[in-house]
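The values are calculated or read from the model by the stated rules, or taken from the named source; none is laboratory data. This one's a predicted model, so the numbers in the text were calculated from it and none came from an experiment. Here the Cβ is made from the backbone with ideal geometry for all residues, glycine too, and neighbour counts use every protein chain on show.
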Amino acid sequence: MCEITGLSQRRACRLAGLSLSTCRYSVQRPAADAQLSLRITELALERRRFGYRRIWQLLRREGLHVNHKRVYRIYHLNSLGVKRRRRRKGLATERLPLLRPDAPNLTWPMDFVMDALSSGRRIKCLTCVDDFTKECLTITAAFGISGVQVARILDGLALFRGYPATIRTDQGPEFTCCALEQWAFEHGVELRLIQPGKPTQNGFIESFNGRFRDECLNEHWFSDILHARKIINDWRQDYNESRPHSSLNYQAPLEFAACWRNGKHEEKPTDITN
């Protein structure tokens, strides 16, 4: 109005019924926002697939007790939002409920995740987690993994954790072979197979595989199998020791497991997200 009519700012505000102080007010952000913004940006660039809530939890671990709304505002002002990758559309299926166990070693879901080296050669990753603590027990990367090798890997895990009550898998040939059935019979482990074409019946491991692909496999270019194993093992260690887990009240899996052993864990409604 002032530019068009040539009126003074005070006169224009009086005609418009607007307070002069309101017109002249400008938001003054505290200087602390600059340091906080810098740290949020550093964390977001370091962990590119983390949203603002996990960034907020990492800040709290560093002793920066700031409101999550403030982190959200700075996170989006700096255009740090995670870009969602397009997913292929599929047929809608009924989502079956999954019951979370009430103690470790009751149910271990397993699955395979496929990827490729820079040479184009395919690699296969066997993933296994504990349904209760969400610990990633193993991610074994190889060019091929048979049912016999799966049994050997499980024997290796049992040396440190004991044998699980149940293992839940899809109906892939590695999981339905005689070698794994014999192994399960000898060690008193129940093999629970989901229905063909129903990955939601093994939703905990499917959700974990999604995070594994999104945060590790899609973020790195593997020159050879040894390089792949190194990167994958580093990610697995970070996942177990540092990564805030939404269904564990934003504790890391090893932190939650330690609290459970000491009787200090807090119950929270279970979902299948990671």
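What to note about this one:
- Which listed residue, of 176, 133, 138, is in the same structural domain as residue 228 (by TED's automatic domain parsing), at pLDDT 95 or above and not charged (D, E, K, R): 138
- Residue 160, sole failed condition from (1) aromatic (Phe, Trp, Tyr); (2) part of a helix (DSSP H, G or I); (3) exposed (fewer than 14 other Cβ atoms within 10 Å of the Cβ); (4) under 24 Å from the mean Cα position of the chain (by Cα): (4)
- Lone qualifier among 174, 186 - being loosely packed, with under 14 Cβ neighbours inside 10 Å, assigned to a helix (DSSP H, G or I) and of a type in the set (Asp, Glu): 186
- Of all residues in the range 139-149 being free of Cβ contacts under 8 Å to residues at least 40 places away in the same chain and buried (at least 17 other Cβ atoms within 10 Å of the Cβ), the one that is nearest to residue 227 (Cα to Cα): 140
- Residue that is nearest to residue 255 (Cα to Cα), among those in the range 34-84 that are more than 19 Å from the chain's Cα centre (by Cα) and of a type in the set (Gly, Ala, Ser): 63
- Answer residue from the range 111-135, given it is outside any strand (DSSP E or B) and of a type in the set (Lys, Arg) and is nearest to residue 253 (Cα to Cα) among those: 134
- Members of the range 169-192 that are among the charged types (D, E, K, R) and under 28 Å from the mean Cα position of the chain (by Cα): 170, 174, 190, 192
Residues checked against (1) surrounded by 14 or more Cβ atoms within 10 Å (Cβ to Cβ); (2) modelled with pLDDT of 95 or more; (3) assigned by TED's automatic domain parsing to the domain that holds residue 119:
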position: 151; (1), (2), (3): yes, yes, yes
position: 170; (1), (2), (3): yes, no, yes
position: 180; (1), (2), (3): yes, no, yes
position: 195; (1), (2), (3): no, no, yes
position: 206; (1), (2), (3): yes, no, yes
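- Taken as a whole, the range 90-101 holds no residue that is modelled with pLDDT of 90 or more, hydroxyl-bearing (Ser, Thr, Tyr) and over 22 Å from residue 212 (Cβ atoms).
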